[in-house]
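All remarks here apply to the structure that follows.
Readers should treat all values here as calculations from the given coordinates under stated rules, not as data from a laboratory. Just so we're clear, the structure is a prediction, and the values are computed from it rather than from any experiment.
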Amino acid sequence: MKTRSIASAATLTAVGALALTACGSSSGSGSSSAATSSSASSSATSGSTAAVPFGPGCAAVPKTGKGSFGGMTQDTVATAASNNPLLSTLVTAVKKAGLVDTLNNTQNLTVFAPTNAAFAKLPKATLAKVLADKTMLTKILTNHVLPTRLGPDKIVGTHPTLAKTSDTVSGTVPSLTVKGGATAKIICGNVQTANANVYIIDTVLVPAS
């Protein structure tokens, strides 16, 4: 009888230990799943925040339609710009220079996009001369394009352009300037298109001759 009692007690002890182990394993798995879910949520939030446009000029971008921030993400950069009423003069210049396909078919660009008001700062005679000279126009427009796609965390610094010049971005978000011959303020930055990050600027970057 004594031997049988000891064996029963040992069995009960082993069963209890197994039960505790199972509970501990289930709890650990739950904690791990929660941590993984929290991490994924955090990453998604971070990515979403990184894609938010910034700057005082963003208020002038259409709230709905193809020219809105959401609409522009669906199209490549030249097409997206053509849907934004702030950039109609730029689009006219891009068409005259024959750069629509280059901008639409090249992946991972950064584009400094002068507004209509930026082009209006140029003397009318100068603007007419530039629009009539395809070589000069191409040089000016490609001076606004970087061959890498840069978000706000990478945009500050000096970068090569498609014109084989360089643009230098200074300051801190949301107060940034870009110098590429002329100096411009970035009035609405980090606008997303299908193949480019666009930084809308208030002055045309005419490169030094």
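Okay, here's what the table says:
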item	result
Per-residue HN-Hα couplings for region 133-149 [Karplus 6.51, -1.76, 1.60; θ = phi - 60°; Hz; x = Gly/Pro]	10, 4, 5, 5, 4, 4, 4, 5, 5, 6, 5, 9, 10, 9, x, 10, 8
Of 95/124; 66/96; 134/154; 124/164, those spanning more than 30 Å from alpha-carbon to alpha-carbon	134/154
